[in-house]
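The values are calculated or read from the model by the stated rules, or taken from the named source; none is laboratory data. Keep in mind it's a predicted model, so treat the numbers as computed, not measured. Using ideal geometry, Cβ is built from the backbone for each residue, glycine included, and neighbour counts are taken over all protein chains shown.
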Amino acid sequence: MHIVIFGPQGAGKGTQSARISEKFGIPSIATGDIFRWAIRSETELGKKVAEYVEGGTLVPDELTISVVQERLEKEPNGWILDGFPRNTGQADALGAFLAAKGEQVDAALMIEVPEEVSLRRITARRICSNCGKLYSLANPPSVDWTCDNCGGEVIERQDDSQKESVLQRLRTYHELTEPLKAYYAERGLLREINGEGSTDEVFARILAAL
Ligand code: AMP
């Protein structure tokens, strides 16, 4: 199973990807997590992508595509991709990568929420700085901002704490990522999901759409 998930910041992609991953026994691969991990670990990749991730603009396609392809090569049994593709060029690259193996994207989930919901959720979002598990002010870890999963420190994302970066990412979403709606609709793969409501409600809509 090959699923891609996209939607504006705060739509719930990461949370729903984790649910899908658990339900179908496939890994959830998030480009944002890969980049944040690289920055935190001060790897060569981290040095190359820091200015883009911190400023809220897209990492150049050539670099992003090669990072994703290298990761997908290790996952022959399917995956859900969270945050990739982010534009139609990346979608073409993903399609070509899969076609070379006689495979294809099976479904493209577009999670839709109004902008005020996006902004509210981004403000409340918290993340484990070690494993990437997601929390929020309303759904904190059980002990003192320490990750339930790995004991890492749960923090606010650097790019979520800066208003200009949040607005930049939403602009980038509308300009570059939203065209994926038409791209996957033309291929009969688009599944539009209302992202408002509880995590359980949204997940039930996703299961019905798959
Ligand atoms: P995310 O965690 O998906 O919100 O991504 C955080 C940041 O990582 C984005 O603002 C971009 O700078 C970068 N990023 C993540 N995925 C991609 C992608 N597919 N293409 C380019 N940049 C990306």
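Return yes or no: is residue 118 hydroxyl-bearing (Ser, Thr, Tyr) and within 14 Å of the ligand (Cβ to nearest atom)? Yes: the conditions hold for residue 118. Note on segment 117-210: enclosed helices (runs of 4 or more DSSP H) holding 3 or more residues that are over 17 Å from the mean Cα position of the chain (by Cα) and free of Cβ contacts under 8 Å to residues at least 40 places away in the same chain are 180-186, 199-209.
If I ask for residues that are basic (Lys, Arg) and more than 14 Å from the ligand (Cβ to nearest atom), which ones from segment 67-104 would you list?
74, 101
Of the numbered criteria (1) at pLDDT 95 or above; (2) more than 8 Å from the ligand (Cβ to nearest atom), the one residue 40 fails is (1). Just for segment 126-164: of the residues that are closer than 19 Å to residue 31 by Cβ and touching a Phe, Trp or Tyr at 6+ places or on another chain (Cβ under 8 Å), which one is surrounded by the most Cβ atoms within 10 Å (Cβ to Cβ)? Once the filter is applied, the top-ranked residue is 127. When residues in segment 1-30 are screened for being without any contact (Cβ under 8 Å) to a residue 60 or more places away in the chain and not acidic (Asp, Glu), 7 of them pass.
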